[in-house]
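Worksheet: the structure to be examined is printed underneath.
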Amino acid sequence: MSGFLSSSIARKVAMALSALFLIIFLIIHLAVNLTSVFSADVFNEASHFMGTNPLIQFAMQPVLIFGVVFHFVMGFVLELKNKSARNVKYANYNGAANASWMSRNMVVSGAVILAFIVLHFIDFWIPEINTKYILGDMSGVLPGEEGYRYFEELQHKFANPARVGAYVIAFILLGLHLAHGFQSAFQSIGFNNKYTKCVKSFGTWYSILIPFGFIFVALYHYFNH
Amino acid sequence: MNLTLKIWRQKGPQDKGQMVEYKVTDISEHMSFLEMMDVLNESLVAKDEVPIAFDHDCREGICGMCSLHINGEPHGPDRGITTCQLHMRTFKDGDTIYIEPWRAKAFPVIKDLIVDRMAFERIQQAGGYISVNTSGNTQDANATPISKIDADLSMDAAACIGCGACVASCKNSSAMLFVAAKVSQYALLPQGRVEAADRVRNMVAQMDLEGFGNCTNTGACEVECPKGISLENIARMNREYLKATII
Ligand code: SF4
Ligand code: FES
């Protein structure tokens with residue numbers, strides 16, 4: 001790593017900025033998912049808009065993918081570097097005495113989230129890209145049918161209990177990742193002042209409510225299809 | 001009280017080293033931890049064995065020389081103290097106590113429980129000072145007005161004794177709390193502002209060069225620091241660094 005990212009603080013800030021970006025993305029993603037609970041039509045319209053709007057597809061989507069990849073790659077690189085910074089291990093190391101499980105296991109929760117994203121890409125993203133850009137069908141409508149296909153596809157995916165189970169576990173781990181990560185991102189960019197208490201409690205609520213929202217949508221469709 | 005001690009023995013920097021078990025008997029609960037170590041060493045000398053090497057100097061919690069990773073934590077289980085301030089009443093009769101040196105690639109073991117903390121000195125030399133000419137006609141420090149809040153925060157940061165417990169406790173072996181304390185104590189004062197940008201850049205560069213790990217904000221350092229150095233200092237250093245490199 002050269003240039004700006006060769007410094008430990010720069011890497012830390014880069015991790016935090018990509019994290020904050022992903023934190024905002026999660027809100028948008030959840031908002032779209034939640035519409036599926038209230039109205040199939042609204043969900044279809046929203047999905048079609050997100051999936052075909054050129055600004056979202058060709059400007060925001062690449063930025064998002066870069067953000068995700070960067071956060072993962074940098075996270076794993078840092079973990080390896082940090083491991084090698086202690087070449088002889090302690091015979092007795094009581095990590096729980098001074099730091100939370102979440103903060104000590106970001107790489108574990110991160111790895112589970114990565115596995116989930118791979119599943120998610122196989123489930124939704126790759127078929128979408130295939131239909132839209134390889135087969136060139138931008139209509140969002142299945143041949144011989146009426147209305148958009150998105151809601152039906154969603155219901156179909158969430159009918160499988162194994163997938164829903166994996167989904168629930170992944171989002172619990174995401175919650176644990178965020179429980180440390182949210183406030184940690186603010187600390188990393190140097191934001192530690194009289195508002196830090198608010199940031200911490202907001203972060204706690206965020207790390208509970210956002211994963212809960214995703215889990216709720218999955219379970220809702222599992223029990224109502 | 002009678003105790004079983006599992007202590008790291010290592011003849012020198014090149015030796016592989018290992019944990020060795022010792023038994024101590026009739027330890028008074030009023031003894032400090034280092035006095036308990038002295039008792040053990042006297043018994044070893046009496047048996048013609050090599051005593052265990054460990055660092056210490058003031059034995060009153062101000063110099064930062066004593067170290068020791070005790071039962072999985074730097075300076076043992078108590079909070080806000082150094083090992084010389086740890087008392088045997090913290091332990092129970094019959095306890096097994098693990099005693100290890102600080103573990104970090106940047107703190108290589110010299111012998112037994114003594115590690116080389118010169119990395120901290122080199123970080124200090126990279127910028128942990130202000131350049132004043134002490135020729136005899138130096139300006140009175142009190143002539144520069146400083147707000148009480150900043151003066152107190154600077155004093156709090158300056159309380160760091162450079163013991164290295166922050167590195168020892170950190171799962172990443174990061175030295176951020178130490179460096180942040182040293183950067184902050186000057187950054188908060190007008191005299192320190194003059195060289196603030198160079199200071200933070202050079203000290204962080206030296207910290208990275210020494211091979212300390214990357215901070216992931218676990219907060220273990222703040223919990224284990226005998227001087228209560230706050231994580232706010234790390235946030236301040238991050239701000240100082242961003243200001244110095246980007247702006
Ligand atoms: S910050 Fe605390 S733990 Fe770290 S060297 Fe200074 S006094 Fe020791
Ligand atoms: S010997 Fe000086 S602080 Fe412990």
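Points worth noting:
- Matching residues in region A:187-210 - criterion: being over 20 Å from A:Val13 (Cα atoms) and not in a loop (DSSP other than H, G, I, E, B): A:Lys197, A:Cys198, A:Ser201, A:Phe202, A:Thr204, A:Trp205, A:Tyr206, A:Ser207, A:Ile208, A:Leu209, A:Ile210
- Residue pairs meeting the criteria (Cβ under 6 Å; at least 6 apart or on separate chains; first of a type in the set (D, E, K, R), in region B:159-179; second part of a loop (DSSP other than H, G, I, E, B) and surrounded by fewer than 24 Cβ atoms within 10 Å (Cβ to Cβ)): none
Here's the yes/no breakdown for (1) of a type in the set (S, T, N, Q); (2) touching a Lys or Arg at 6+ places or on another chain (Cβ under 6 Å); (3) within 22 Å of A:Arg104 (Cβ to Cβ):
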{"residue": "A:Asn160", "(1), (2), (3)": "yes, no, no"}
{"residue": "A:Arg163", "(1), (2), (3)": "no, no, no"}
{"residue": "A:Ala166", "(1), (2), (3)": "no, no, no"}
{"residue": "A:Ile169", "(1), (2), (3)": "no, no, yes"}
{"residue": "A:Phe186", "(1), (2), (3)": "no, no, yes"}
{"residue": "A:Phe191", "(1), (2), (3)": "no, no, no"}
{"residue": "A:Lys194", "(1), (2), (3)": "no, no, no"}
{"residue": "A:Lys197", "(1), (2), (3)": "no, no, no"}
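- With respect to being away from every other protein chain (no Cβ under 14 Å) and either in a loop (DSSP other than H, G, I, E, B) or buried (at least 19 other Cβ atoms within 10 Å of the Cβ) (or both), A:Glu146 fits the description.
- Region A:58-84, subset β-branched (Val, Ile, Thr) and away from every other protein chain (no Cβ under 13 Å), residue surrounded by the most Cβ atoms within 10 Å (Cβ to Cβ): A:Val68
- Residue within region A:188-197 that is surrounded by 18 or more Cβ atoms within 10 Å (Cβ to Cβ), polar (S, T, N, Q), within 30 Å of B:Leu242 (Cα to Cα) and out of contact with any Phe, Trp or Tyr (no Cβ under 9 Å at 6 or more places or on another chain) present: yes
- Per-region count, region B:25-53, residues assigned to a loop (DSSP other than H, G, I, E, B) and either under 15 Å from B:Gln85 (Cα atoms) or polar (S, T, N, Q) (or both): 5
The rows are residues; the columns are (1) in contact with a strand residue (DSSP E or B) (Cβ under 8 Å, 6 or more places away or on another chain); (2) modelled with pLDDT under 95; (3) within 23 Å of A:Asn87 (Cα to Cα).
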residue	(1), (2), (3)
B:Gly164	yes, no, yes
B:Asn172	no, no, yes
B:Tyr186	no, no, no
B:Glu195	no, no, no
B:Asp198	no, no, no
B:Asn217	no, no, yes
B:Val223	no, no, no
B:Glu232	no, no, no
B:Ala235	no, no, no
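- Of the helices (runs of 4 or more DSSP H) that lie entirely inside region B:172-247, those containing 1 or more residues that are more than 8 Å from chain A (Cβ to nearest Cβ), touching a helix residue (DSSP H, G or I) at 6+ places or on another chain (Cβ under 7 Å) and within 16 Å of ligand 2 (Cβ to nearest atom) span B:176-187.
- A:Ala159 vs. criteria within 14 Å of chain B (Cβ to nearest Cβ) and either in a loop (DSSP other than H, G, I, E, B) or more than 30 Å from B:Arg103 (Cβ to Cβ) (or both): no
- The set of residues from region B:208-247 being under 17 Å from the mean Cα position of the chain (by Cα), away from ligand 1 (no atom under 12 Å from the Cβ) and buried (at least 24 other Cβ atoms within 10 Å of the Cβ) comprises B:Gly213, B:Cys215.
- Restricting region B:87-123 to residues that are among the charged types (D, E, K, R) and within 18 Å of A:Lys89 (Cβ to Cβ) leaves a set whose member that is surrounded by the fewest Cβ atoms within 10 Å (Cβ to Cβ) is B:Lys105.
- Cβ-Cβ under 7 Å pairs, at least 6 apart or on other chains, region B:33-54 side closer than 22 Å to B:Pro108 by Cα, far side assigned to a loop (DSSP other than H, G, I, E, B) and of a type in the set (D, E, K, R): B:Leu34/B:Arg59; B:Ile52/B:Asp112; B:Ala53/B:Asp112; B:Phe54/B:Asp112
- Filter pass, B:Ala159 being hydrophobic (A, V, I, L, M, F, W, C), within 16 Å of ligand 2 (Cβ to nearest atom) and modelled with pLDDT of 95 or more: yes
- The residues on offer are A:Asn92, A:Asn87, and the sole one that is at the interface with another protein chain (Cβ under 7 Å from one of its Cβ atoms) and surrounded by fewer than 16 Cβ atoms within 10 Å (Cβ to Cβ) is A:Asn87.
The values are calculated or read from the model by the stated rules, or taken from the named source; none is laboratory data. It should be emphasised that the depicted structure is a prediction, and the values quoted were computed from it without experimental measurement. Neighbour counts are summed over all protein chains in view; Cβ atoms, including those assigned to glycine, are modelled from backbone coordinates with ideal geometry.
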